[in-house]
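Structure, as structure tokens:
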Amino acid sequence: MRSLMVAAVTVLFSSQVMAQQAADQLEPEAATSAALVAKASNSPVQSKKWMVAAANPNAVRAGAEVLASGGSAADAAVAVQLVLGLVEPQSSGLGGGAFALYYDAKSKKLTTLDGRETAPLSATPMLFLGEDGEPLKFFDAVVGGRSVGTPGTPALLGKLHELGGKKEWAALFGSAISLAEGGFQVSPRLAGLVKRDQERLSVHPDTAAYFIPGGTPIAEGTKLTNAQYAGVLKSLAAKGAGAFYKPPISTSVIEAVRNVKNNPGDLTQADFDNYHVKERQPVCVDYRAHQVCGMGPPSSGGLTVGQILGLIAPYDVAALGHKDANAWRLIGDASRLAFADRGRYMADSDYVPLPTKGLIDPAYLSARAKLLDRPDALKSVAPGEPKWDHAHLLADDDAIELPSTSHFSIVDGEGNIVSMTTTIENGFGSRLMASGMLLNNELTDFSFRSHRDGVPVANRVEPGKRPRSSMAPTIVMKDGDPVLAIGSPGGSRIIGYVAKTIIAHIDWGMNIQQAISLPHAVNRFGTFDLEAGTSAEELDQPLKALGFETNVRGLTSGLHGIVIRPDGLSGGADPRREGIVIGGG
């Protein structure tokens, strides 16, 4: 037994050393192989100065090249996103939106950038209602132009580079252009998702021609090129991010949305002219001598993650451990309480007054936490009554938010950090392509109903409004310094994935790779989802005994995180996806 343990430790140590050496020399294949070994070994990648963790090796290598040549975290984020939009188009891209947390090491300032899509200026509360006045079925609303909002990701990348870029803007496009023109190998994940979604992808000619040429879905290992996307990249490289919002690029998006036969939308040039990124204050909650900071409205991520952590703070989940059903009872019911508040109160704060401070007020959370002081599951949950600056009456939301999206975390050699979650919403978005880009279906993140029993829903459709999101890019601080950058895709389960990983790292003492790999147990609305094929299934009967309904199912997160310590960096990539970590310095 001792010899086996020694061998295992040797493998783990060797994988870390391999990853470090490969990154230092920037040999792409060696760095990728070493990173995959580390992930499979449940061992974090270690480095001294810089690191990038993202969902596709091509994108990680693009970011690593930027960092290794002296670029900043903001520079690398641009390169990573441009490649992700090509090689992982089902999840994010220039046709979508994003939220980013940016930490400036020199000023020690943490800010958040809101690059969420906006509803057309012509949008009405009837957008997702049928002729009978009832909400459309989800995919009847998604597929086509009706669901497409004005993209925000290009503008966010421009703003991020403005805040923290060191390299010339045009110098960040090389990897993406090279891969778009020269071709990239279709990954197993992309091939599988195309095959599964073949019927919807076949509806629109341009999308079908790209993903299902000749009626056959693109296969794993196929070399795929995208000349139209390369053209967009060259235009942005030469003219700046603003070129996306002007003809001919904006025109191609508008025409695709308005002229599609199935479910046309109503975007106009005015929507592009009026789009801008918003720099907002982070939402921060104290937890175990840390400050957990995230994205505020229109994202519900920062508030809801913060509420979950604040609600379990009075309880010693560390002593219970990650295998104890009672620890998960506390986490699960805290999540249910937080989601009840989310459904009632959270939306675009530029349109709807929100009790943002009240929702994370320690006194409010302490009072709500007392509901968890019981031996079994809560029989029911309801929204609380946080303090408002003024009176406001809202009805509960019914928006559907299905899994997709991507997240990456980056730390550069000067200590600047980007934690960015990026999306086109549902897998393959609206299934519409324009200029080689998939367009989002982000508007279906609005509530399809505007009112309930005469009471307005906070997350209702309104002209120019940004739909509520669950994206939760997070930076955890301690004693004024950042110690963790984390985030995930996964629809509304993003919140549970991120909260679990923070708890696993802080309370259960797991390294970042172990915390990311820890099997998921997520409860949003009453049913405990348990990750199939993992040790989470062992919680099934104990949780039922506590009064929960359970559902064993696949739970595909895409957590990518970096721990920041005085002696270096430690990164982890989600084993449920194709991502890796590369570090150097």
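The values are calculated or read from the model by the stated rules, or taken from the named source; none is laboratory data. In this text the structure is predicted, and so the values were computed from the model without any measurement. Glycine also receives a Cβ, built like all others from the backbone with ideal geometry; neighbour counts cover every protein chain displayed. SASA here: full protein model, heavy atoms, side chains in, ligands and nucleic acids out. Shrake-Rupley method; radii C 1.70, N 1.55, O 1.52, S 1.80 Å.
Rolling a 1.4 Å probe over the protein heavy atoms of the range 38-130, with every protein chain left in place, gives an accessible area that is 56 percent carbon and sulfur.
Most tightly packed first, judged by the mean number of other beta-carbon atoms within 10 Å of their residues, the peptides 69-75, 243-249 read 69-75, 243-249. Take the convex hull of the alpha carbons in the range 307-392; its mean projected area over all directions comes to 5.9 nm². Charging the Cβ of each Asp and Glu at -1 and of each Lys and Arg at +1, and nothing else, the dipole of the chain about its Cα centre rounds to 440 debye. Looking at 532, 37, 469, which one has the Cα that reaches farthest to the positive end of the dipole of the chain (charges on Cβ: Lys, Arg +1; Asp, Glu -1)? Value: 37.
Residue 103 sits with roughly 10 Å² accessible to a 1.4 Å probe, with DNA, RNA and ligands left out of the calculation.
To the nearest 10, the accessible area of residue 290 is 30 Å² with a 1.4 Å probe.
Charge tally around residue 99: other residues with Cβ under 11 Å, Lys/Arg +1 each, Asp/Glu -1 each, net +3. Considering helices alone, the calculated mean residue ellipticity of the chain at 222 nm is -10500 deg cm²/dmol, with DSSP H runs of length four and up weighted by -39500 (n - 2.57) and normalised per residue.
Think of the chain as having a plus end and a minus end, set by charges on the Cβ of Lys, Arg, Asp and Glu; of 305, 126, 68, 68 sits farthest toward the positive end of this dipole. Only protein atoms count toward the accessible area here, which uses a 1.4 Å probe; on the range 168-280, the carbon and sulfur part of that area reaches 50 percent. Evaluating kT/(6 pi eta Rh) at 25 °C and 0.890 mPa s, with the Kirkwood radius of the range 306-356 over Cα pairs in the Stokes-Einstein relation, gives 200 µm² s⁻¹.
Once you reduce the range 230-246 and the range 320-389 to the center of their Cα atoms, the two points are 43 Å from each other. Only helices reaching 27 angstrom along their own axis (Cα) with mean Kyte-Doolittle hydropathy no lower than -1.0 count here, and for the DSSP H runs of the chain these are 2-25, 325-345. When Cα extents along the principal axes in Å is calculated directly from the model, which label among (1) 87, 62, 48; (2) 64, 59, 48; (3) 86, 62, 43 fits? Identified label for the calculated read-out: (2).
If you take all other residues with their beta carbon under 12 Å from the beta carbon of residue 112, and give Lys and Arg +1 and Asp and Glu -1, the sum is +3. Between beta-carbons, use under 12 Å as the cut-off and find the net charge around residue 179, counting Lys and Arg +1, Asp and Glu -1. Net local charge, residue 179 excluded: 0.
Around the Cα centre of the range 473-580, unit charges on the Cβ atoms of Lys, Arg, Asp and Glu (plus for the first two, minus for the last two) sum to a dipole of about 200 debye.
Of the chymotrypsin sites (Phe, Trp or Tyr not before Pro) found in the range 508-583, those in coil by DSSP whose Cβ has at most 14 other Cβ atoms within 10 Å are 525. In a reduced charge model with +1 at each Lys and Arg Cβ and -1 at each Asp and Glu Cβ, the range 196-285 shows a dipole moment near 200 debye about its Cα centre.
Given a 1.4 Å probe, how much area per residue of the chain is accessible, in Å²?
Details: 21260 Å² over 585 residues.
I get 36 Å² per residue for the chain.
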